[in-house]
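Before any comments, here is the structure.
Where a number appears in this text, it was derived from the coordinates with a stated rule and is not lab data. No experiment lies behind these values; they were computed from the predicted model shown. Ideal geometry is used to build each Cβ from the backbone, glycine not excepted, and the neighbour counts take in all protein chains shown.
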Amino acid sequence: MRLDKFLCDTVGVTRKQATYLLKEKRVTVEGEIVKSGALKIAEDANVEFDGMALRLSGPRYYMMNKPEGYVCSHEDAHNPTVFILFDEVGAEKLHIAGRLDCDTTGLLLLTDDGQWSHRVTSPKHKCDKTYRVWLEDAVSDETADLFAEGVQLRGEKAETLPAQMEKVDEKEVLLTIHEGKYHQVKRMFASVGNKVVGLHRESVGELVLDEALEPGEYRSLTEDEIALFMPKK
Ligand code: URA
């Protein structure tokens, strides 16, 4: 397709405005500045506008290594939001599949595909989430058994679903839960008299945080990673 048409469809500008952006040298194709809107490009060409990658509409899926101190919402009066870390046109159309608290770090999934995020978060799908947890006090020997049976959280009708805990160190564990109640991990440890001082999500289902991502970095999911949460054929 023509580059100016591609810009109209992805940036949401008119043909005239696209011509102007090109003249201003704000658009690159495969890393090279291009000024002609007539250039024919492939639909999956690597086109950037002001350094931001452009993609034709279609679902988008990302993983981010969420840094501490960022909130999982589009707006917040007190803290920066994870969306300001996104250098993508149309970032405001993305939503989070499974929020993390402001002080929690690690694997965050973002998409504009509502059905996909429903499969990640819906209690019906009981998607495992594994967290590395750092605690204020040494973990007692009974904690793993209590979590495997289910604990009663304040204000909840039912006990938590059986969760698996593996001790890494006196004050560090890996905890896998199969639901996503509000502040679940912190409340589970509070229910056994301990306190979470650090929390990092390592995986959701079979999708593991890419170790190459520094805090605040993100990347698109691969086809195989996206398929992990698609109905099996
Ligand atoms: N459980 C919590 O308590 N906080 C999170 O951010 C995620 C799980």
### Query
By DSSP, what percent of the beta bridges with both residues in the chain are antiparallel, rounded to the nearest 5?
90
### Message
Taking R0 as 30 Å, what FRET efficiency do you get between residue 146 and residue 211 from their Cβ-Cβ distance, rounded to the nearest 0.05?
### Response
0.45
### Task
Give, as a single signed number, the net charge of other residues whose beta carbon lies under 12 Å from the beta carbon of residue 140, with Lys and Arg counted +1 and Asp and Glu -1.
-3
### Query
What does the helix-only formula give at 222 nm for the chain: each DSSP H stretch with n ≥ 4 adding -39500 (n - 2.57), the total divided by the residues, and the result rounded to the nearest 500 deg cm²/dmol?
-5000 deg cm²/dmol
## Note on the structure
One checks the Cα atoms of the chain and finds Rg and Dmax, in Å, of 21.5, 69
### Task
Calculate the spin-label point distance for residue 15 paired with residue 50, positioning each point 7 Å from the Cα along the beta-carbon direction, and give it in nanometres.
2.5
### Query
How big is the gap, in Å, between the Cα center of region 1-79 and the Cα center of region 179-233?
28
### Message
In whole Hz and in residue order, list the ³J(HN,Hα) couplings for region 57-64 that follow from phi through the Karplus curve 6.51 cos²θ - 1.76 cosθ + 1.60, θ = phi - 60°; x for Gly and Pro.
### Response
4, x, x, 10, 9, 9, 10, 10
### Task
Would you mind ranking 186, 167 by Cβ crowding within 10 Å, fewest neighbours first?
167, 186
### Task
Would you calculate the volume per residue, in Å³, of the smallest convex hull containing every Cα atom of region 1-81?
132
## Note on the structure
Listed with the fewest Cβ neighbours within 10 Å leading, 20, 61 appear as 20, 61
### Task
Could you sort out which of 5/232; 93/171; 25/93; 66/124; 129/232; 126/167 sit more than 32 Å apart by Cα distance in this structure?
5/232; 93/171
### Task
Grab the Cα-Cα distance for residue 174 and residue 1, subtract it from 0.36 nm times how many residues apart they are, and report the gain in nm with one decimal.
57.4 nm
### Query
With labels modelled as points extended 7 Å from the Cα through the Cβ direction, what inter-label distance (nm, one decimal) is found for residue 124 paired with residue 138?
4.6
### Query
Taking a point 7 angstrom from the Cα of residue 219 along the C-beta vector, which residues in region 42-67 have backbone N less than 15 Å away?
61-66
### Summary
In a Gaussian network model of the chain with springs linking alpha carbons closer than 10 Å, the residue among 158, 148, 77 that fluctuates most is 77
### Message
Given a 10 angstrom Cα cut-off, can you work out which residue in 219, 201, 15 is the most mobile in a GNM of the chain?
### Response
15
### Summary
Non-local residues with an amide H under 5 Å from the amide H of residue 71, with H modelled 1.01 Å from N and Pro and chain starts lacking one, are 81, 82
### Summary
Sorting 173, 139, 185 by the position of each Cα along the dipole of region 128-204 (Lys, Arg +1; Asp, Glu -1; all at Cβ), the one nearest the positive end of that ordering is 185
